Amino acid sequence: MFTSRYKKLETAIVKVLNNHDIPTLMVKWNWIPFYGHWGVSTSYFQTAAEESRLGKPGSVQERAAEIATLVAQEIELPSGFEKCEAVKGYLNIYFNAAYFTQLVIDSVLLEREKYGSIKKSLELVMVEFSQPNTHKAFHVGHLRNVVIGDAVSNILDFAGNQVIRANYIGDIGLHAVTWLWNYEKYHHGVQPPEKDQICWIGDLYTEAVKRREESSENKEEIKTYFKRWDAKDPEIFSLWKKTRQWSIHAFEQIYDLLDIHFDRVYFESEVEEEGKKLVGEFIKRGLAKDERPEGPVVIYLDELLRTNEEYRVLVLLRSDGTSLYSSKDLSLAIKKFREYELDRSIYVVDVRQSLYLKQIFKALELMGYKWARKCFHLAYEIVNLPGNVTIASREGTVVLMEDLIREAEKRALRIVEEKNPNLDRDQKSIIARTVAIGAIKFSLLSRDNTKVVTFDWETAMNINGKAAPYIQYAAVRANSILRKASFAIPQSEEIGFSLKHEEIELINLISRFPYEVKHAAEELRPLLISQYVYELAKAFNNFYTNCPVLKVDENLRNFRLRLVAASKQTIANSLALLGIQFPEKM
Ligand code: ARG
């Protein structure tokens, strides 16, 4: 919305610089930290440094100040900008607040849920995320992945890309075989319970692993079982099919609960055969060494690339010829690019698989796949729970999703009871669910992807701090003002009064939303949106406390109602990018 105004401003600046033969670099804008003023600023240190590089003598600092003063004196400000001043090498330009305010609010209320978005014109991007394993539990570590993957997909989509949300379910491999073996031997014919299916599946998995580690006979039995699986033994195959479905069904319930969907779901089982063939290709081309039957099939990457401990070795097949995680990943990547003309293929995967994915992408490049460079690993760190329980994603301590959500709902209900005791039970529990899910998602998104999240309830459920309930509550407040005015949003009118600084602060933040979206998409960082929406909610609350809306003169009332509606819309759009909703009341 501001882009064209900035362009005009940039043209005006370049004109002054050209008149004085000063080099013109790209103009970088910063938002001015202001109090009651609203504007942007840029600086001339780089320009002065460039001149100095070209041979101009003298101090860069002084020259920057000189250039800024020159521009401030000679610039012809386009309409909408009020004044311009030079301060120690910086050029500060102030908006005509009334003019811009109207422009901002009008566009939010016109574009509504599209406000901040960019027309589809950029890339075709696949974001692979979630990737749970069947026959195992679904825990908090998985949850962080899902929440980041969903938010990144939303942000990329909103920022003008076409996004394919992909899942890659680990339905085969040692873990599944171990589970099947244990089930057949100790729980033959047992049906899963109606409720908490995934807990039951997870518990059986833990039991199975325990038995595997207990005795070498069991280990041998499982090995034999694996070979039978590999040889497509029909008995094991049909058991696998049935039990795998139990997990998939449970995953679907979790995705429903979290309001997350996928456009394409891949399974490890669907790329396994292709993967084995591919390994053959690798051997044929001399890229992989076949050391069977004594050893496995391996790509000695460091040797091939003449690197030192950078890529190490990638094992593709076990010595008995059964396939590994890696051979499947190679064929999965090929399948993705065969199916779609992707500009980018993003993998949201635990940071501990960084070396592994680097090896996979490199191996594909060695095979001559040009698109291998379009593959990108978006790494995320683990989640710590109170008591510092680390949640390993492949084994170890597990805190289940269901338990987490149940506890969150209990706590959210307490908030609702306190804020709004008169609502009926059903209403309260619907609200509690929205708040609970929001709180969990937000707490996983308000840390950088690569930083460990320490999840604790006080922070996640804070109604007065950087947490979803606080932000949701701001939106609910906005909603309740609008409800009192029967949701009739007045027409846009010229603003003939001066604005309070709480108002300007709020409008300034609203106007920044499109930039935040673009930035977050470029950096694949939902964190930027979570920080932004928190600032926005804070600014709204500040406005709410200091600027009465309904009991003021008509002109002002109309303006403030529009501002409330625009705030609510922008909070809603930001939260939507994080996959978070807010209730009508709370
Ligand atoms: N299911 C795997 C695991 O639990 C993660 C899959 C990640 N995606 C991939 N293409 N390797 O470790």
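The values are calculated or read from the model by the stated rules, or taken from the named source; none is laboratory data. All values reported here derive from a predicted model rather than from experimental measurement. In this analysis, Cβ positions are derived from the backbone assuming ideal geometry, glycine residues included, and neighbour counts consider all displayed protein chains.
Structure summary
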quantity	calculated
Selection count where residues are away from the ligand (no atom under 16 Å from the Cβ) and either assigned to a helix (DSSP H, G or I) or among the polar types (S, T, N, Q) (or both), scope the stretch 179-193	8
Unmet criterion (only one of (1) in a helix (DSSP H, G or I); (2) under 17 Å from ASP171 (Cα atoms)) for LYS223	(2)
For LEU143: the one exception among (1) buried (at least 23 other Cβ atoms within 10 Å of the Cβ); (2) in a loop (DSSP other than H, G, I, E, B)	(2)
Residue list for the stretch 435-464, filter: closer than 18 Å to ALA474 by Cα and surrounded by fewer than 20 Cβ atoms within 10 Å (Cβ to Cβ)	THR459, ASN462, ILE463, ASN464
Residue count for the stretch 28-53, restricted to those that are part of a loop (DSSP other than H, G, I, E, B) and at pLDDT below 95	9
Test: VAL108 is within 16 Å of the ligand (Cβ to nearest atom) and buried (at least 18 other Cβ atoms within 10 Å of the Cβ)	no
Failed criterion for VAL125 (all others in (1) out of contact with any Leu (no Cβ under 6 Å at 6 or more places or on another chain); (2) assigned to a strand (DSSP E or B); (3) within 16 Å of the ligand (Cβ to nearest atom) hold)	(1)
Hits in the stretch 444-461 (condition: under 12 Å from the mean Cα position of the chain (by Cα) and part of a helix (DSSP H, G or I))	LEU444, LEU445
Identity of the residue in the stretch 362-373, without any contact (Cβ under 8 Å) to a residue 24 or more places away in the chain and not small (Gly, Ala, Ser), that ends up farthest from the ligand (Cβ to nearest atom)	LYS370
Test: residue in the stretch 442-455 that is charged (D, E, K, R) and over 30 Å from VAL348 (Cβ atoms)	no
Filter pass, TYR255 being of a type in the set (Phe, Trp, Tyr) and closer than 28 Å to VAL348 by Cβ	yes
Options LEU324, LEU330: the member that is within 13 Å of the ligand (Cβ to nearest atom), in contact with a Pro (Cβ under 9 Å, 6 or more places away or on another chain) and under 19 Å from ILE172 (Cβ atoms)	LEU324
Whichever residue in the stretch 131-178 is of a type in the set (Ser, Thr, Tyr) and under 26 Å from GLN191 (Cβ atoms) and, among such residues, is nearest to the ligand (Cβ to nearest atom)	THR134
Within the stretch 208-247, tally of residues that are farther than 26 Å from SER130 by Cα, surrounded by fewer than 18 Cβ atoms within 10 Å (Cβ to Cβ) and not basic (Lys, Arg)	12
Whichever residue in the stretch 462-474 is in a loop (DSSP other than H, G, I, E, B) and of a type outside the set (Val, Ile, Thr) and, among such residues, is farthest from the chain's Cα centre (by Cα)	ASN464
Search result, residues across the stretch 257-284 that are within 13 Å of the ligand (Cβ to nearest atom) and of a type in the set (Gly, Ala, Ser)	SER269, GLY275
Flag if SER79 is crowded, with 24+ Cβ neighbours inside 10 Å, of a type in the set (S, T, N, Q) and part of a loop (DSSP other than H, G, I, E, B)	no
Search result, residues across the stretch 111-132 that are surrounded by fewer than 19 Cβ atoms within 10 Å (Cβ to Cβ) and aliphatic (A, V, I, L, M)	ILE118, LEU122, LEU124
Selected residue (only one of SER130, SER117 is in contact with a strand residue (DSSP E or B) (Cβ under 9 Å, 6 or more places away or on another chain) and assigned to a loop (DSSP other than H, G, I, E, B))	SER130
Filter result for the condition that a residue is touching a helix residue (DSSP H, G or I) at 6+ places or on another chain (Cβ under 7 Å), more than 24 Å from LYS227 (Cα to Cα) and touching a residue at least 60 places away in the same chain (Cβ under 8 Å), over ILE201, ILE148, ILE164	ILE148
Verdict on PHE251 being buried (at least 18 other Cβ atoms within 10 Å of the Cβ), under 30 Å from LYS441 (Cα atoms) and among the aromatic types (Phe, Trp, Tyr)	yes
Condition met for LYS56 (in a loop (DSSP other than H, G, I, E, B), more than 41 Å from the chain's Cα centre (by Cα) and loosely packed, with under 15 Cβ neighbours inside 10 Å)	yes
Within the stretch 333-361, considering residues that are touching a residue at least 60 places away in the same chain (Cβ under 8 Å) and out of contact with any Asp or Glu (no Cβ under 9 Å at 6 or more places or on another chain), the one farthest from the ligand (Cβ to nearest atom)	GLU341
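Quick grid of which residues meet (1) in contact (Cβ under 8 Å) with a residue 60 or more places away in the chain; (2) over 25 Å from VAL416 (Cβ atoms); (3) in a helix (DSSP H, G or I); (4) more than 22 Å from the chain's Cα centre (by Cα):
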residue	(1), (2), (3), (4)
GLY496	yes, yes, no, yes
ILE507	yes, yes, yes, yes
HIS519	no, yes, yes, no
ARG562	yes, yes, yes, yes
